[in-house]
Amino acid sequence: MVALLVIGLALTRLPGRGQHNVSEERAIEIARPEADFTPEGHNIRFLRRGIPPRGYWAVSFWIKDKTGHATEVTVVVVDAETGQIAEVRSGT
């Protein structure tokens with residue numbers, strides 16, 4: 001069990017694991033067509049998933065009502081290395 005933990009930690013520290021070829025701006029361009037509405041705004045966040053970890057951009061597009069609550073939301077997860085869409089979630 002200890003050996004697996006050590007191997008897992010070593011894999012997360014390998015050189016090149018933190019780099020991403022897709023910029024924030026490009027991730028937004030890639031993700032935008034996935035929202036089936038005209039968003040009022042967006043948020044973007046860099047995250048890591050998996051073992052070994054891989055970088056992704058999570059782009060949220062939204063529309064808010066007069067009280068500031070989101071009425072439409074689409075979250076698109078874009079692979080930060082390849083630019084491929086990994087996941088799309090929509091909700092209200």
Problem set entry | Exposure proxy ranking, count of Cβ atoms within 10 Å, fewest first, for HIS20, HIS69 | HIS69, HIS20
Seminar exercise, completed: Karplus-derived 3J(HN,Hα) from phi for the range 70-79 (6.51 cos²θ - 1.76 cosθ + 1.60, θ = phi - 60°), whole Hz, x at Gly and Pro, runs 5, 9, 9, 9, 10, 10, 10, 9, 10, 4
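Sort 79-86, 44-51 for me by packing, meaning the mean count of neighbouring Cβ atoms within 10 Å per residue, highest on top. Please list the in-between numbers first.
Working: 79-86: 15.8, 44-51: 12.1.
Descending packing order for the listed peptides: 79-86, 44-51.
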Seminar exercise, completed: The residues TRP62, TRP57, sorted from fewest to most surrounding Cβ atoms within 10 Å, come out as TRP62, TRP57
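Report the extension gain between ILE44 and ALA70 in nm, rounded to one decimal, defined as 0.36 nm multiplied by the number of residues separating them, less their alpha carbon distance. Numbers along the way, then the final one.
Values: separation 26, 0.36 × 26 = 9.36 nm, distance 1.58 nm.
Working it through step by step, the gained length comes to 7.8 nm.
Every number in this text was worked out from the coordinates using simple rules, so none of it is lab data. What you see is a predicted model, and the numbers here were worked out from it, not measured in a lab. We place every Cβ from the backbone using ideal geometry, glycine too, and count neighbours over all the protein chains shown.
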